[in-house]
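*Asks:* Okay, handing you the structure first.
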């Protein structure tokens, strides 16, 4: 790819799928339009747009912070991962606002060193109760997003059909030197009877292309109801699980710490 495109916003066109194996089998797959944004190159912009696609910094990070988005991120990394070089570009994989609305179940922050290796990943999770949590995945100075296994203990409530027990296994594929495709896999395992049992597999993957006015409007035409549709589809799948009589769990208190690592 032309080197001049390596610091430009990218359009991510692909799919997300979920396959549940706990209690009862349940699966779905949806087309999805996302963004991959170079936050440092965007010079701490509080808002970016191209045609109908909009990014607002206030949709991300700690709502209680009074810092700019990148200042907040650098402070978080200095506190939780001071041993890592994260002074390179920071790529944010997220859903755009479309028609003024967005719900972002999960966003991925790929923090790179000066050699363009991903050395830390923030997995930013939002639930439908207006709560947000950050899982910080730390490397050991080497490139992390080559499909290797990364783990984090689950602490944040997402679905009423799961408890907050278990361990997430992440397998992320992203190369900031190529910017051709992204694949994010998250599997949830819960210990049962002395062994880890797979509860659900999820994936968000797609091809990347530079954002232009033309590709942005094409994305809206092909995903006209995505903004509202994401949350409607979440509730539709929840209704299907309820009809299948999958056990329902009340929402616990959110974690005391905003970041877990």
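The values are calculated or read from the model by the stated rules, or taken from the named source; none is laboratory data. In this text, all values refer to a predicted model and were calculated from it rather than measured experimentally. A quick note on method: Cβ atoms are made from the backbone with ideal geometry, for glycine too, and the neighbour counts reach across all protein chains shown.
*Asks:* Could you pull out the residue among 35, 53, 76 that is surrounded by 16 or more Cβ atoms within 10 Å (Cβ to Cβ), within 22 Å of residue 171 (Cβ to Cβ) and either touching a strand residue (DSSP E or B) at 6+ places or on another chain (Cβ under 7 Å) or at pLDDT below 95 (or both)?
*Replies:* Result: 35 is the single residue among 35, 53, 76 that is surrounded by 16 or more Cβ atoms within 10 Å (Cβ to Cβ), within 22 Å of residue 171 (Cβ to Cβ) and either touching a strand residue (DSSP E or B) at 6+ places or on another chain (Cβ under 7 Å) or at pLDDT below 95 (or both).
*Asks:* So, in the range 128-161, of the ones that are over 16 Å from residue 259 (Cβ atoms) and under 14 Å from the mean Cα position of the chain (by Cα), which residue ends up modelled with the lowest pLDDT?
*Replies:* 158
*Asks:* Now, a different point. Going through the range 194-208 one residue at a time, which ones are modelled with pLDDT under 95 and over 22 Å from residue 19 (Cα atoms)?
*Replies:* Answer for the range 194-208, where residues must be modelled with pLDDT under 95 and over 22 Å from residue 19 (Cα atoms): just 194.
*Asks:* Inside the range 155-185, can you point out the residues that are touching a residue at least 24 places away in the same chain (Cβ under 8 Å) and within 17 Å of residue 20 (Cβ to Cβ)?
*Replies:* Selection gives 157, 158, 159, 160, 161, 162, 163, 164, 165, 166, 167, 168.
*Asks:* When the range 98-108 is examined, which residues are found to be part of a strand (DSSP E or B) and either touching a residue at least 60 places away in the same chain (Cβ under 8 Å) or at positive phi (or both)?
*Replies:* Hits for the range 98-108 are 98, 101, 106, 108.
*Asks:* Given the conditions (1) surrounded by fewer than 13 Cβ atoms within 10 Å (Cβ to Cβ); (2) in contact (Cβ under 8 Å) with a residue 60 or more places away in the chain; (3) touching a strand residue (DSSP E or B) at 6+ places or on another chain (Cβ under 8 Å), and given that residue 215 satisfies all but one, which numbered condition is not satisfied?
*Replies:* (1)
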